[in-house]
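Scroll down for the structure; my scribbles are underneath it.
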Amino acid sequence: MSGEHKATDRILSLIKKHGKITFKTFMETALFAGESGYYTSQTTKNLARDYYTSPNTHPIFGSLIAVQLEQIWRDMDCITPFHIIEVGAGSGSLGKDILSYSSALSAGFRNAIEYISIDVNPRGPSSENVHTIRALGLPLRNVVGCILSNELIDSFPVHRFAIQNGIIQEIYVTLDGNGELTEILDSPSTRLIEDRIASLNIILPEGFRGEVCTSLETWTKNISESLEKGFILTIDYGKSANELYSDTRNEGTLRSFYRHTQVNNPYFMPGEQDITADVDFTSLISLGEYHSIKSVGITTQREFLYNLGFQKHLNALNHMGLRQRDLDSNRMAMLDLVKPGEMGDFKVLAQLKGMSFSPILTGF
């Protein structure tokens, strides 16, 4: 039976049992349920991803992150071991690129690194350089170093809501008269939705639709319990709350991708397509502060990479003796990482915990 049918069967069973389910439950089931979810399915784990991530675009991405990590290591008095915990590591390509380029940096930094790759469905085995853990979340404690994630939080399941008659109503998933998935509005399933909107001091217009990721609370608490001392680097597609909950996005930011095509129908082939929503960086920062995690910088991926030496590496292509075809393909792939309106607009957030001072990080 295909991943689609398994995920669909699980969703239908939940609806038949409860009458309706929250969109968060739908999304969680479609992405992570057993072996039938998009990220957990054994039948789809080796297929090409439905969107291109920065590590898959060009290894310079991991190389420049390694440069930032070396500075963090120095700011932490060259501590050994220096943990790099990558959550949502997927194929492990980012870790490979970071470790590969770290060999070109100081020997002390490379020797201090203890790289741990965590994913709900890891696609790379543990090796001499990388220890792989299969897990959803962050099961480690007493981490000293840096917790790193790239395009992870935008996959966290979200509640969806709509403003009807001036009040917040939650969007639920149920079945219509023909047995097809459909949406209905009802009272919110949790106070966290209303509390989040209230905390942002934003007035939403009639008919507005949006998302609230209540998993951010769990995530920041998990990081705080895991990280004893060090930094958190979060790279993801998202915006401030004022941008997310604005008239220009009155239909929300939910997107779905199937075979590199944006489908924008989350109910199409559950378990076979990716579903994401923009990260609310305002709430992520605020919740971090509540859990003793201090924000020390936020910028775009474009500015982050340029600050770390992107232009120097781009110029160096001309002196590497590459064939014109290889030169052009490398240049195009590198420029994709900083392209406005696409990967270049990703946000990079730096936070810290347990440090007595706030260093100025090169990337910011």
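The values are calculated or read from the model by the stated rules, or taken from the named source; none is laboratory data. Only a predicted model underlies this, so the values are computations on that prediction, with no experimental measurement involved. FYI the Cβ positions are ideal-geometry reconstructions off the backbone, even for glycines, and counts take in every protein chain you see. Areas reflect the complete protein model, heavy atoms only, side chains present, ligands, DNA and RNA absent. Shrake-Rupley method; radii C 1.70, N 1.55, O 1.52, S 1.80 Å.
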Requested in this report: In debye, nearest 20, what is the charge dipole magnitude of the chain about its Cα centre with +1 on Lys and Arg Cβ and -1 on Asp and Glu Cβ, if you could check?
Outcome: 640 debye
Report summary line: Between Ile167 and Asn56, the FRET efficiency computed from the C-beta separation at R0 = 56 Å comes out, to the nearest 0.05, as 0.85
Query raised in the report: Relative to the first principal axis of the alpha-carbon coordinates of the chain, what is the inclination of helix 215-226, with its axis defined by its Cα atoms, in degrees from 0 to 90 and to the nearest 10?
Result: 40 degrees
**Report entry** Partners for Lys239 among aspartates and glutamates (Cα-Cα distance below 17 Å; same-chain residues under 8 apart left out)
**Finding:** Glu151, Asp154, Glu211, Asp247, Glu251, Asp278, Asp280, Glu303, Glu342, Asp345
Requested in this report: Enumerate the amide H contacts of Leu204 below 5 Å, restricted to partners 5 or more residues apart or on another chain; note that Pro and chain-start residues carry no placed amide H.
Outcome: none
Query - Dimensions (Å) - the chain, Cα atoms, principal axes, largest first - result: 64, 45, 37
Report summary line: One finds the C-alpha centres of segment 271-333 and segment 162-232 to be spaced, in Å, by 27 Å
Report task. Please determine, in degrees from 0 to 90 and to the nearest 10, the orientation of helix 60-75 with respect to the longest principal axis defined by the Cα atoms of the chain, where the helix direction is its Cα long axis. Result -> 70 degrees
Report task. At a 1.4 Å probe radius, which order do Leu192, Leu305 fall into by accessible area, largest first? Result -> Leu192, Leu305
Requested in this report: Show that you can apply the helix-only estimate: for the chain, add -39,500 (n - 2.57) for every DSSP H stretch of four or more residues, divide by all residues, and state [θ] at 222 nm to the nearest 500.
Outcome: -10000 deg cm²/dmol
Query - In Hz, Karplus ³J(HN,Hα) per residue of segment 118-132 (6.51, -1.76, 1.60; θ = phi - 60°; x = Gly, Pro) - result: 10, 7, 5, 8, x, 10, x, x, 4, 9, 4, 9, 10, 9, 9
Query raised in the report: If r is the Cβ-Cβ distance from Ile202 to Ser127 and R0 is 30 Å, what FRET efficiency results, to the nearest 0.05?
Result: 0.05
Requested in this report: Principal axes first, then extents: for the Cα atoms of segment 255-296, list largest minus smallest coordinate on each axis, whole Å, largest first.
Outcome: 41, 16, 12
Report summary line: Mean Cβ-within-10 Å packing, highest first, puts peptides 66-75, 245-254 in the order 66-75, 245-254
**Report entry** Gained length - Leu322 relative to Asn250, 0.36 nm times residue gap less alpha-carbon distance
**Finding:** 21.2 nm
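First compute the accessible area of the chain with a 1.4 Å probe, then give the percent of it belonging to carbon and sulfur atoms. Each step should come with its number before you reach the end.
On the way: 7990 of 16220 Å².
Answer for the chain: carbon and sulfur cover 49 percent of the accessible area.
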Requested in this report: Just the number, please: percent antiparallel of the DSSP beta bridges in the chain, rounded to the nearest 5.
Outcome: 55 percent
Query raised in the report: So for segment 195-237, what percent of the C-alpha to C-alpha distances run longer than 15 Å?
Result: 62 percent
Report summary line: Rounded to the nearest 0.05, FRET efficiency between Ser13 and Ser329 (Cβ-Cβ, R0 51 Å) equals 0.60
Report task. Excluding residues fewer than 8 places away in the same chain, name every one of the aspartates and glutamates whose C-alpha is closer than 16 Å to that of Lys20. Result -> Asp9, Glu28, Glu170, Asp176, Glu180, Glu183, Asp186
**Report entry** All lysines inside 20 Å of Lys312 as judged from Cα atoms, apart from same-chain residues fewer than 8 positions distant
**Finding:** Lys339
Report summary line: Measuring from the longest principal axis of the C-alpha atoms of the chain, the long axis of helix 23-32 (C-alpha) lies at a number of degrees, nearest 10, equal to 50 degrees
Report task. With a 1.4 Å probe and every protein chain left in place, work out the accessible area per residue of the chain in Å², rounded to a whole number. Result -> 45 Å²
Report task. Could you tell me what percent of the DSSP beta bridges with both partners in segment 25-175 are antiparallel, to the nearest 5? Result -> 20 percent
Report task. In a Gaussian network model over the chain where Cα atoms closer than 10 Å are linked, find which of Leu327, Leu105, Leu181 has the largest mean-square fluctuation. Result -> Leu327
Report task. Extending each Cα 7 Å along its Cβ direction at Thr174 and Thr218, get the distance between those two points in nm, one decimal. Result -> 2.5 nm
